[in-house]
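**Q** Handing you a structure now.
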């Protein structure tokens, strides 16, 4: 019973923190909504008014990518998987992830809300590249490590389509 009582207390604390997060982001304190809020502020993205817009979370508002649509993902770990909706592709996928881990059971592990890496994929090019070897496109699409590396914009800047300022790097580091 002690574990159950401790769990109840922790959930009460989590609900209080989630309430504060929801107050800040204006949406429920889920990883997806929070990631969209973070990305919007760091990468100058205007979010869609409705969180239910299929395949598109917003549009870049400045720079080389201005007016381009984007789907934002925030994964707790970098496992090489990406949820792709082939029927409603955005122009880009902006993917923030935690630390790199080998694919394994999640039993006994956590998925912390951290940002260790950020990747920017041109959606059409990515899907085209994945179709060549016959990869199944959809939820939990397996993306080869060389594609993740080529798309990385943080902490290393391999993809030059979205160059990060020192301020953007500083802000991302707050979530590391």
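**Q** For the chain, with a Gaussian network of springs between Cα atoms less than 10 Å apart, report the residue from 117, 146, 154 with the top mean-square fluctuation.
**A** Highest fluctuation among the options: 146.
**Q** With 10 angstrom as the radius, rank 97, 109, 141 by how many other C-beta atoms surround their C-beta, starting from the fewest.
**A** 109, 141, 97
**Q** Shifting gears a bit: At 7 Å along the Cα-to-beta-carbon direction for both residue 158 and residue 146, put a label point, then send me their distance in nm to one decimal.
**A** Rounded to a tenth, the inter-label distance reads 1.1 nm.
**Q** With n ≥ 4 as the cut-off for DSSP H runs, can you work out [θ] at 222 nm for the chain, using -39500 (n - 2.57) per run divided by the number of residues, rounded to the nearest 500?
**A** -11000 deg cm²/dmol
**Q** Relative contact order for the chain: what percent, with Cα pairs under 8 Å and sequence separation of 6 or more?
**A** Relative contact order comes out at 17 percent.
**Q** Round to the nearest 0.05 the FRET efficiency obtained for residue 109 and residue 8 when R0 = 25 Å and r is the Cβ-Cβ distance.
**A** 0.65
**Q** Once fully extended, how much extra length lies between residue 171 and residue 17, figured as 0.36 nm per residue of separation less the alpha-carbon to alpha-carbon distance?
**A** Stretched fully, the residue 171-residue 17 segment lengthens by 53.4 nm.
**Q** If R0 is 22 Å, what FRET efficiency do you get for residue 30 and residue 99 from their C-beta distance, rounded to 0.05?
**A** 0.60
**Q** Separate question: Rank-order 160-171, 71-82, 6-17 by packing density, defined as the average count of other C-beta atoms within 10 Å over each peptide's residues, highest first.
**A** For the peptides 160-171, 71-82, 6-17, the packing ranking is 71-82, 160-171, 6-17.
**Q** Have a look at the DSSP beta bridges in the chain and tell me what percent are antiparallel, nearest 5.
**A** Taking every DSSP beta bridge with both residues in the chain, the antiparallel ones total about 70 percent.
**Q** Can you tell me how much longer the chain between residue 48 and residue 1 gets when fully stretched, taken as 0.36 nm per residue apart minus their C-alpha distance, in nm with one decimal?
**A** Between residue 48 and residue 1, full extension yields 12.4 nm more.
**Q** Among 102, 39, 124, which one shows the highest mean-square fluctuation when the chain is modelled as a Gaussian network with alpha-carbon springs under 10 Å?
**A** 102
**Q** Need the C-alpha centroid separation for segment 1-34 versus segment 68-92, integer Å.
**A** 25 Å
**Q** Which FRET efficiency value, to the nearest 0.05, do you get for residue 64 and residue 85 by plugging their Cβ-Cβ distance into 1/(1 + (r/R0)^6) with R0 = 25 Å?
**A** Rounded to the nearest 0.05, the efficiency is 0.55.
The numbers here are math on the coordinates, done by the rules we state, and not lab data. The structure displayed is predicted, hence computed values, not measured ones. When we count neighbours, we look across all protein chains shown, and the Cβ atoms used for this are built from the backbone with ideal geometry, even at glycine.
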